[in-house]
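Q: My questions all concern the structure below.
The values are calculated or read from the model by the stated rules, or taken from the named source; none is laboratory data. Keep in mind that this is a model prediction, so the values were computed, not measured. Neighbour counts are summed over all protein chains in view; Cβ atoms, including those assigned to glycine, are modelled from backbone coordinates with ideal geometry. The accessibility values were calculated without ligands, DNA or RNA, using every heavy atom of the protein model including side chains. Shrake-Rupley method; radii C 1.70, N 1.55, O 1.52, S 1.80 Å.
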Amino acid sequence: PENPPAGEKYKKYNKKKILNCLLIHDLAETYIGDKLPEETTGEHKQKENECMQKIFMHQMYSNVGSMAEYKNIWENFDLNSSDINGKIAKEIDVIQAIYQYCIYKRKGAQFLDNKDREWKKEKNKIKTFLGRKILEEVVLKNFEDVFVDK
């Protein structure tokens, strides 16, 4: 939403920061590749961090504006972030992955039972009011059939 929900937790809510984070958070993955959550290792995270540091270094060249704001936004992209914008951006990223899972399921993709359970549990990572609202509107209302255990 344009305006933050009520409450102290959302006092520093900034839609622009959330959108910027969503736009830049996968830049490194264009170079090093993307991994499923369970495949992400410390080594992969290190490579991602190194790649993003190189991207943010571009501000050192003439006629390239400061990347400090984007670096700060990217560093707060985490479910455990104390920055509400980074936390919401990460939740939206998780919701997007759940949405993809639902699309694949609806089109007939088969997953091992344990993978189905893991994807269904991903929704439990969404903790903020806004994240839960987006999850409900975008995924749960539209893919109730996917989340029903048969």
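Q: Which count do you get for residues in the stretch 1-17 that are open to solvent by less than 100 Å² (accessible area, probe 1.4 Å) and within 22 Å of N72 (Cβ to Cβ)?
A: Of the residues in that region, 6 qualify.
Q: Here's a follow-up. If a residue has to be in a helix (DSSP H, G or I), of a type in the set (A, V, I, L, M) and over 22 Å from V94 (Cβ atoms) to count, how many in the stretch 36-80 make the cut? Working first, answer last.
A: Initial filter on the stretch 36-80 (in a helix (DSSP H, G or I)): 37-39, 42-60, 68-75.
Narrowing the set further to residues that are of a type in the set (A, V, I, L, M) leaves 52, 55, 57, 60, 68, 73.
Remaining after also requiring over 22 Å from V94 (Cβ atoms): 55, 57, 60, 68.
Number satisfying all stated conditions: 4.
Q: Within the stretch 100-149, count every residue that is under 19 Å from the mean Cα position of the chain (by Cα) and aliphatic (A, V, I, L, M).
A: Selection size over the stretch 100-149: 8.
Q: Next question. Name the residue that is modelled with the highest pLDDT, counting only residues in the stretch 126-150 that are farther than 15 Å from V94 by Cβ, open to solvent by 100 Å² or more (accessible area, probe 1.4 Å) and part of a loop (DSSP other than H, G, I, E, B).
A: Filtering the stretch 126-150 for residues that are farther than 15 Å from V94 by Cβ, open to solvent by 100 Å² or more (accessible area, probe 1.4 Å) and part of a loop (DSSP other than H, G, I, E, B), the one modelled with the highest pLDDT comes out as K141.
Q: If you check T40 against the conditions, is it on the phi < 0 side of the Ramachandran plot, free of Cβ contacts under 8 Å to residues at least 40 places away in the same chain and among the polar types (S, T, N, Q)? So that I can check it myself, show each step before the final result.
A: Details: on the phi < 0 side of the Ramachandran plot: yes; free of Cβ contacts under 8 Å to residues at least 40 places away in the same chain: yes; among the polar types (S, T, N, Q): yes.
Answer is yes for this residue.
Q: Shifting gears a bit: Quick check on K115: is it closer than 20 Å to L27 by Cβ and either open to solvent by 30 Å² or more (accessible area, probe 1.4 Å) or among the hydrophobic types (A, V, I, L, M, F, W, C) (or both)?
A: Numbers: closer than 20 Å to L27 by Cβ: no; either open to solvent by 30 Å² or more (accessible area, probe 1.4 Å) or among the hydrophobic types (A, V, I, L, M, F, W, C) (or both): yes.
When the stated conditions are applied, K115 does not pass them.
Q: Follow-up. Given (1) closer than 16 Å to D83 by Cβ; (2) in contact with a helix residue (DSSP H, G or I) (Cβ under 6 Å, 6 or more places away or on another chain); (3) not in a loop (DSSP other than H, G, I, E, B), where does P4 come up short, assuming only one miss?
A: Here P4 meets the rest and fails (3).
Q: Assess whether N20 counts as being out of contact with any Ser or Thr (no Cβ under 6 Å at 6 or more places or on another chain) and surrounded by fewer than 17 Cβ atoms within 10 Å (Cβ to Cβ).
A: Values: out of contact with any Ser or Thr (no Cβ under 6 Å at 6 or more places or on another chain): yes; surrounded by fewer than 17 Cβ atoms within 10 Å (Cβ to Cβ): no.
Criteria not met by N20.
Q: Here is a check on your reading of the model: is D83 out of contact with any Cys (no Cβ under 7 Å at 6 or more places or on another chain), within 21 Å of K133 (Cβ to Cβ) and of a type in the set (D, E)? I'd like the intermediate steps shown before the answer.
A: Working: out of contact with any Cys (no Cβ under 7 Å at 6 or more places or on another chain): yes; within 21 Å of K133 (Cβ to Cβ): yes; of a type in the set (D, E): yes.
For D83, the condition - out of contact with any Cys (no Cβ under 7 Å at 6 or more places or on another chain), within 21 Å of K133 (Cβ to Cβ) and of a type in the set (D, E) - is met.
Q: Test each condition in (1) exposed (fewer than 10 other Cβ atoms within 10 Å of the Cβ); (2) over 14 Å from L130 (Cα atoms) for D34 and report the one that comes out false.
A: It is condition (1) that D34 fails.
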